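Heads up: the structure comes next, in structure tokens.
The values are calculated or read from the model by the stated rules, or taken from the named source; none is laboratory data. The model shown is predicted, which means the values in this text are computed figures rather than measured ones. When we count neighbours, we look across all protein chains shown, and the Cβ atoms used for this are built from the backbone with ideal geometry, even at glycine. In case anyone asks, the SASA skips ligands and DNA or RNA and just uses the protein heavy atoms, side chains included. Shrake-Rupley method; radii C 1.70, N 1.55, O 1.52, S 1.80 Å.
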Amino acid sequence: MRVVVVGGGPAGLAAADAAARAGAEVVLVDSERQLGGQYHRGTAQRADPRVRHLPESTAWAAEGLRLHVRTGPADSPHRTGRVLDADAVVLATGAHDRVVPFPGWDLPGVYTAGAAQALAKGHGVAVGRRVVVSGTGPFLLPVASSLLDVGATVTVLEANGVTGWARHPLAVPQKLPELARYARLLGRVRLRTAVVAAHGDDRVTSVTVARLRPDWTVCDGVRVAVDAVCVGHGFTPRLDLAVGLGCDLVDGFVRVDAVGATSVRGVYAAGEITGIGGADLAAAEGEVAGAAAARAPDPPIAALRAIRRGRRFAAALAAAHPVPTGRHGWLTPDTLLCRCEEVTVGDLHAALDRGAADGRTLKLVSRAGLGPCQGRTCGREVADLAAARLGHPLPDADAFHRRPFATPLRLGELAQHPEEDP
Amino acid sequence: MRYPDVVVVGAGVIGAACAEALSAAGLRVTVLDRGPLGAGTSAAGEGNVLVSDKEPGPELDLALASLGRWPDLLAELGADVEWDPKGGLVVATGDTALTAFAEAQRAAGVDARPITPAEAFDLEPHLTRAVVAAVHYPQDAQLQPVLVTKALLAAVRRRGGTLRPGVRALGVRLANGAVAAVRTDDGDVPCGAVVIACGPWSGEVSTAFGAPITVLPRRGVILVTAPLPPGTVRHKVYDADYVGAVASGDADLQVSTVVESTAGGTVLIGSSRERVGFDASLRVEVPRALARRAVGLFPVLADVQVLRAYGGFRPYAPDHLPVIGPDPRCPGLWHATGHEGAGIGLAAATGRLLAELVTGVEPHVDARPFRVDRPGVCA
């Protein structure tokens, strides 16, 4: 019985450990050198010693329960290829920052919250001295906190009204230690406020900070001088492998049953790709999915309970931090949407006006999402903007998730015959 | 509301070209598609307008007619569809019948120029030095298939035609044994004639219309690389096996290399041919075979990142010829399909030919090889 787990964050780690405890042979494939994912970045985690960890390895394609993996530094021309055949696969590929474009978001000095945190936690580097953290959601606080730790002056702008999650009955006992850490930020948080434009010639030097209505339309704005901006609007799940395998989606996430089984036989999913809920929920989901994948006789009851609780909390969180469509009013025709192909809001509207009414056509006509990142950054916002202008959602909503190669690889690597992993 | 003279089922490039030519002939046309416009096979190809891959015969005659028609048609449409007469280069690294093939094509009217390997390296500096024979085809061209489909359909609408994406044709209603209306999931559309131009789905749709023809899907996959410096790949470059793969119906997977760059600098690598029905799941061996042969032709490509792959289903008839003409079993029912991987290039002449047949004008190419009631097509 061999279980292959893809992703070494909280969900993947817990899945690998649970599967190993259940007696399966476990291979844990993770793109980073150290386990722990984005959540534990800078503090390496350990897997159960029985787990075989493949660091710096990416699963670039899946054919059923056969995974194609390359190992080595991402920019190295000497990565090795291997094929892993599994009896069950657990996908725990996580999420990356959801990007919400605004005028000037492409200037140097504007970071995703995740990138700023990775620099602070992983390398001890602050992205600037005077930093504005803007967006919505509980992730803004740990990012701001990491920036304070490395010596930056930080202001936090939360675009929604109340940090509802902090008042949630489940949040307080669970999150008390975390809240204590963030107490030093309390005087620095402004509600119903956001960065709606960044200004500067070759890097950001100032931003327009606006007060927002509940639908995120702008009341009024002022210019504020800054060195850097960090923007966070929650997360977008990394669905490449799941979609490639044909897993059903629901509301933009992988559909799973109570034990993490997807609609594809032998394929399980855990963590943020099944719904954004944070590290604790992800770990519980991973434990349950790993045990199920390894066909453990008894389900982990405590983890199942933690999942129920965690999902209620996650739902409350999501409800407290919407990203409403008033944000579209921040855009101008020359605001960049797709950085790779330099497609602006005006270009997208022109493509829609020329009759593009589905995702695939929209990509080909506007070129949005056709560049190196393959729509990972812009796809969601392009789909949202198109739906707003068309008056209905794109009929092929997965057009911006459908990527036959889950991670980029060189033509020469693709051409090589890999070793089959015994 | 006035009823259309002709309903075209299928808004791919073939349906769009038929609708354009019919409306140019003065007929009132309605175009239906169960999905969005131009989003099926037409959106899944490279945009080839080729003569180099065709042996002398009816398809080459149609291709030459189409090649002559495209520049005028595009001028009439007044649309930028990234038309690029970049020329093709077919190369061989081993023992080859390439030169004899080119000789026969020349006799049939193709501008095929056998050149030395040194001349081939002048045309394509990054080409493998293993090349021993090459033929240059200056007529080969490319266009952007989604843009051209949209431009053709826009012309139909300008002439008073109607485009109805998202409407599924269910069958046909007859009066006195002839077509009187198309039944759809959005009501009947009374009409004098209907053209089924559903590409690989023409078999299924013609069956629903009570006049089945045999058209099968053959899957193709194309790889797209990250942008390369201009001039890395300058023409459409094929290995000589391409010709054999197109004409063959035997193997379940065939791969022959076609490498070319696009306006954006990315390199497209085709083309595989798989008979897997309508199964769209990825088999890694297919892109792997494409990659291996592309790196063989252009070693410089080994270090380039593959951004994506896309695929689609080509429609082919058992004898690998297009199906264009009236259905003998049902007056008023017409077919236009079966162009396999050449539909973009053949669309201009196909549309014109179909309109000529519908309106009773002398055809500009011999229509008999494409007739519907030929062995293997009309079940």
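In terms of its alpha-carbon gyration tensor, region B:321-374 comes out oblate; a/c meets the 1.5 threshold, while b/c is at least as large as a/b.
When peptides B:170-182, B:79-91, A:328-340, B:31-43 are ranked by their average number of other Cβ atoms within 10 Å per residue, the highest-first order is B:31-43, B:79-91, A:328-340, B:170-182. Using Cα atoms only, what is the angle between the long axis of helix B:98-107 and the major principal axis of chain B, expressed in degrees (0 to 90) to the nearest 10? Once rounded, one gets 50 degrees.
Note on chain A: GNM, Cα springs under 10 Å; of A:GLU158, A:GLU287, A:GLU381, the largest mean-square fluctuation is that of A:GLU381. The lysines whose alpha-carbon is closer than 24 Å to the alpha-carbon of B:LYS236, local same-chain residues fewer than 8 away aside, are A:LYS363, B:LYS54, B:LYS86. Between B:CYS191 and B:ALA181, B:VAL182, the built amide H atoms are under 5 Å apart, and every one of these is 5 or more places off in sequence or on another chain. Expressed to the nearest 5 percent, the antiparallel share of DSSP beta bridges inside the protein assembly as shown is 60 percent. Dividing the mean sequence gap of close Cα pairs (under 8 Å, 6+ apart) by how many residues region A:242-393 holds gives a relative contact order of 12 percent.
Per DSSP H run of n ≥ 4, the term is -39500 (n - 2.57); total these for chain A, divide by its residue number, and report the mean residue ellipticity at 222 nm rounded to 500 deg cm²/dmol.
Rounded to the nearest 500, it is -8500 deg cm²/dmol.
Using θ = phi - 60° in the Karplus curve 6.51 cos²θ - 1.76 cosθ + 1.60, the 3J(HN,Hα) couplings for region A:348-359 round to 5, 4, 4, 5, 5, 5, 7, x, 5, 10, 9, x Hz; x is entered for Gly and Pro. Only helical runs count toward this figure. For chain B, summing -39,500 (n - 2.57) over DSSP H runs of n ≥ 4 and dividing by all residues gives -8500 deg cm²/dmol at 222 nm.
Pull out a ≥ b ≥ c, the square roots of the eigenvalues of the alpha-carbon gyration tensor of region A:257-313, then state rounded if a/c is under 1.5, prolate if not and a/b is larger than b/c, and oblate in the remaining case.
Verdict is oblate for region A:257-313.
Comparing mean-square fluctuations of B:ALA348, B:ALA65, B:ALA25 from a GNM of chain B with C-alpha springs under 10 Å, the top value falls on B:ALA25.
With only alpha-carbon pairs counted, each pair once and no self-pairs, how large is the Kirkwood hydrodynamic radius of the protein assembly as shown in angstroms?
28.7 Å
Amide H contacts of A:GLU63 (H built 1.01 Å from N, in plane; Pro and chain starts excluded): A:HIS68 sit under 5 Å, all sequence-distant by 5 or more or on other chains.
Relative to the longest principal axis of the Cα atoms of chain B, the long axis of helix B:145-158 lies at roughly 30 degrees. Computed from backbone phi, the HN-Hα couplings of region A:271-288 come to x, 5, 6, 9, x, 6, x, x, 5, 5, 4, 4, 5, 5, 5, x, 4, 5 Hz, rounded to whole numbers (Karplus: 6.51 cos²θ - 1.76 cosθ + 1.60, θ = phi - 60°; Gly and Pro given as x).
Given a 1.4 Å probe and every protein chain left where it sits, what share in percent of the accessible area of the protein assembly as shown is carbon and sulfur?
Exposed carbon and sulfur together represent 53 percent of the surface.
Positive contributions from Lys and Arg (+1) and negative ones from Asp and Glu (-1), summed over other residues with Cβ under 12 Å from the Cβ of B:GLY160, come out at +4. Rounded to whole Å, give me the distance from the Cα center of region A:115-154 to that of region A:287-319. Here the answer is 30 Å between Cα centres. The mean accessible area for residues of region A:287-422, using a 1.4 Å probe and ignoring ligands and nucleic acids, is 44 Å² per residue. Distance from the C-alpha centroid of region A:26-82 to that of region B:272-323: 28 Å, rounded to the whole angstrom.
Annotation for region B:148-219 versus region A:343-386: alpha-carbon center distance of 29 Å. For chain B, the alpha carbon convex hull comes to 127 Å³ per residue, rounded to a whole number.
Based on protein heavy atoms only, chain B ends up with 36 Å² per residue of surface accessible to a 1.4 Å probe. Give the angle, between 0 and 90 degrees and rounded to the nearest 10, that separates the Cα long axis of helix A:10-21 from the longest principal axis of the Cα atoms of chain A. Result, in degrees: 10. Within chain B, antiparallel bridges make up roughly 70 percent of the DSSP beta bridges whose residues both belong there. Averaged over the residues of peptide B:34-43, the number of Cβ atoms from other protein chains lying within 10 Å of each residue's Cβ is 5. Measuring from each cysteine beta-carbon in chain A, the ones with no other cysteine beta-carbon under 4.7 angstrom are A:CYS219, A:CYS230, A:CYS247, A:CYS340, A:CYS373.
Once Rg and the Kirkwood radius are both taken over the C-alpha atoms of region A:322-381, their ratio Rg/Rh works out to 0.96. Counted by Cβ distance under 10 Å from A:ARG98, the other residues give a net charge of -1, where Lys and Arg count +1 and Asp and Glu count -1.
Approximating the spin labels as points 7 Å out from Cα along Cα→Cβ, the B:ALA175-to-A:ALA387 distance works out to 4.5 nm. Beta bridges per DSSP, both residues in region B:94-193: antiparallel share near 95 percent.
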